[in-house]
Amino acid sequence: MSRCPSAAVLGASVYGTLASERLTFNEKTLWTGGPGSAEGYDFGNWTAPRPGALSGVQQRLDTRGALGPDAVAAELGQARRGYGAYQVFGDLRLDLPNAPAAHDASYRRTLDLRNALASVAYTHQDTLHTREFFVSHPGKVIAGRLAADRPGQVSFTLRYTSPRSDCTATADRDRLTVRGALKDNGLCFEAQIRIRTSGGTVTAGVDGTLTVTGADSAWFVLAAATDHADRYPSYRGDDPHRAVTAAVDSAARTSYEKVRDTHVRDHRALFDRVALDIGQQLPDPPTDQLLARYTDGTSPADRALKALFFQYGRYLLIASSRAGSLPADLQASGTSPPPRRGPPDPPRPPGELGGRVGARASRPGRLHRRHRMGCGAGPPCGDHGEP
């Protein structure tokens with residue numbers, strides 16, 4: 001979705017929960033293993049010469065026409081050492097003290113494929129609350145905005161959590177900073193989040209939280225990176241602090257609308273290259289109901305689902321792989337470590353956000369479900385004061 005020093009891709013899963021919104025975010029270069037791994041690392045190279053191994057496999061292929069993968073692996077492969085695993089960067093939590101305990105018929109959840117925007121809307125105590133999230137490739141940031149149609153109704157506490165104990169989270173003024181290093185290979189990582197408000201106040205807590213009180217609207221911007229670099233043999237580069245600070249400060253100096261508009265133009269320059277017409281006709285019900293009613297695939301509504309999933313695949317690839325970044329992996333860019341149970345919920349077709357948020361045409365389903373769009377004490381990797 002967006003990238004930091006080595007064009008590494010950021011991604012997030014937006015859960016759409018009411019009282020405590022959760023964004024699980026990832027940065028594609030945050031891996032254990034590799035150079036510096038506690039397990040040792042051999043770059044996949046043979047640890048001892050194997051004269052004739054490759055030519056022997058080639059000769060058998062010429063003779064037999066085919067060889068099983070296990071036989072070839074036995075001749076040319078070896079046990080992996082220090083391969084490592086993809087690591088979640090952490091969770092961004094937004095705790096809303098005045099949110100309803102459960103969603104009702106006013107709850108709407110939308111993924112707009114054409115504009116790459118995830119949104120949530122609900123009405124509580126005669127006030128329409130809206131949330132919107134996206135990841136900007138040109139801005140190198142994740143951004144989100146919370147708003148209400150009545151003044152002073154936006155209050156929340158933003159905090160960071162991690163399944164690992166290798167980082168620290170601190171807050172100062174409107175900035176939350178996460179610093180750490182992976183215990184396995186020493187890879188240094190950093191994330192910064194800044195908040196801007198219209199009305200109200202922002203307070204930094206000694207527990208590493210930022211609290212917004214009585215705002216008309218508020219938006220945050222997050223940047224994250226590691227010191228990974230495509231430089232053999234160490235695959236390490238500059239400390240990420242300067243690049244992360246530059247990305248988050250650049251976005252915070254502008255406006256949410258400008259960051260959003262730049263993101264949408266960038267995404268649509270790729271997404272709008274392809275249109276698919278297979279005789280589909282989008283009916284009114286939300287996507288989860290369309291999926292439940294799917295029959296033999298020939299009706300206009302069934303074809304609409306096929307066209308939707310075609311575009312959904314394009315959206316995921318655009319969002320997880322750009323020029324100069326690492327290749328997209330099988331987890332995409334915004335998943336958390338525990339595997340999902342069941343297939344992902346299908347989003348609405350491109351362009352369906354339409355009109356006002358919460359309009360019937362943009363309903364993604366009433367069920368509380370997770371959509372794709374990815375801290376304990378530990379040793380900080382370096383020490384940086386406020387710029």
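The values are calculated or read from the model by the stated rules, or taken from the named source; none is laboratory data. All figures in this text were calculated on a predicted structure; none of them were measured in a lab. Note: ideal-geometry Cβ built from the backbone for every residue, glycine included; neighbour counts use all protein chains shown. Surface accessibility is based on the protein's heavy atoms, side chains included, excluding ligands, DNA and RNA. Shrake-Rupley method; radii C 1.70, N 1.55, O 1.52, S 1.80 Å.
Can you put Leu61, Leu96, Leu187 in order of accessible area, largest first, using a 1.4 Å probe?
Per-residue accessible area, sorted high to low, gives Leu61, Leu96, Leu187.
Cβ under 10 Å from Ala169's Cβ, Ala169 left aside: what net charge do those residues give with Lys, Arg +1 and Asp, Glu -1?
Details: positive: Arg159, Arg179; negative: Asp207.
Value of the local net charge: +1.
Taking the mean number of other Cβ atoms within 10 Å as a proxy for protection, how do you rank 281-288, 79-86, 245-252 from highest to lowest?
Top to bottom by mean Cβ count within 10 Å: 245-252, 281-288, 79-86.
Below 16 Å, Cα to Cα, which aspartates and glutamates can Lys140 reach? Residues fewer than 8 away in the same chain don't count.
Glu27, Glu190, Asp227, Asp249, Glu257, Asp261, Asp266
Calculate, for Arg173 and Ile278, the FRET efficiency according to 1/(1 + (r/R0)^6) with r their C-beta to C-beta distance and R0 51 Å; round to the nearest 0.05.
On the way: r = 53 Å, r/R0 = 1.04.
My answer for the efficiency is 0.45.
Roughly speaking, what is the stretch gain from Asp42 to Gln59, that is 0.36 nm per residue apart minus the C-alpha to C-alpha distance, in nm to one decimal?
Difference between extended and current length: 3.4 nm.
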